[in-house]
Amino acid sequence: MFRSIVVGTDGSDTATEAVRQAVDLARSLGAKLELVSAYAPVPSQRLQAERRDAPEDLQWTINPHEDVDATLQAAAEIAGQAGVEVNTYPRQGDPADAILDVAEERDADLIIVGNKGMTGAKRFLLGSVPNKVSHHAPCSVLIIRTT
């Protein structure tokens, strides 16, 4: 039924709960998990300053998406411990767009997102990742209750 499942994470507790539930579903179905996390571009001046202040042997680790790499690694460890095959995708830009892009690229069967931000009038004023994903997804969407 579902061979490829995309789930987004920002490292928050609610996103981690969505990852855990996605891992459980992927394990039970024998599906591959595609983990996505978005990041904002980091100004090159800030990167240069951080590299200059870092020890020489660690300067290579300072890059525009170092924080998102750590977030994806933590989520990938959850999947790995459960024996689920996983790929990670750090993407610059809007989180919903990142999830949708990976779902299209990987021909995903399912996208899993947490419900955070879906309650009250905020979803109309601020928009939300689950709201945008659910309206533009190229496949089925499962919104996990994480709050």
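The values are calculated or read from the model by the stated rules, or taken from the named source; none is laboratory data. Every value quoted in this text rests on a predicted model; they were computed, and no experiment measured them. Positions of Cβ are generated from backbone atoms using ideal geometry, with glycine treated the same way; all protein chains shown enter the neighbour counts. Heavy atoms of the whole protein, side chains included, go into the accessibility calculation; ligands, DNA and RNA do not. Shrake-Rupley method; radii C 1.70, N 1.55, O 1.52, S 1.80 Å.
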Those residues that are out of contact with any Pro (no Cβ under 8 Å at 6 or more places or on another chain) and under 12 Å from D10 (Cβ atoms), I need them from the range 68-84; list them, please.
A70, T71, A74, A75
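Quick test for you: out of D24, D67, pick the one residue that is open to solvent by 70 Å² or more (accessible area, probe 1.4 Å), acidic (D, E), at pLDDT 65 or above and closer than 23 Å to T147 by Cα. Let's see the steps before the verdict.
Numbers: D67 fails: closer than 23 Å to T147 by Cα.
Just a single option satisfies the conditions, and that option is D24.
How many residues are assigned to a loop (DSSP other than H, G, I, E, B) and either modelled with pLDDT under 95 or among the hydroxyl-bearing types (S, T, Y) (or both) if we restrict to the range 77-134? If you could, list the steps in order and put the result at the bottom.
As a first pass, look at the range 77-134 and keep what is assigned to a loop (DSSP other than H, G, I, E, B): 82-85, 93-94, 106-109, 115-121, 126-128.
Still in the running and either modelled with pLDDT under 95 or among the hydroxyl-bearing types (S, T, Y) (or both): 93-94, 115-121, 126-128.
Of the residues in the range 77-134, 12 are assigned to a loop (DSSP other than H, G, I, E, B) and either modelled with pLDDT under 95 or among the hydroxyl-bearing types (S, T, Y) (or both).
Would you confirm whether any residue within the range 51-61 is part of a loop (DSSP other than H, G, I, E, B), at pLDDT 95 or above and surrounded by fewer than 15 Cβ atoms within 10 Å (Cβ to Cβ)? Spell out the reasoning first.
If we filter the range 51-61 for residues that are part of a loop (DSSP other than H, G, I, E, B), which is where we start, we get 54-55.
Those still in the list that are at pLDDT 95 or above too: none.
Checked the range 51-61: no residue is part of a loop (DSSP other than H, G, I, E, B), at pLDDT 95 or above and surrounded by fewer than 15 Cβ atoms within 10 Å (Cβ to Cβ).
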Considering each residue of the range 135-147, count those that are open to solvent by 50 Å² or more (accessible area, probe 1.4 Å) and farther than 11 Å from L110 by Cα, and give that number.
4
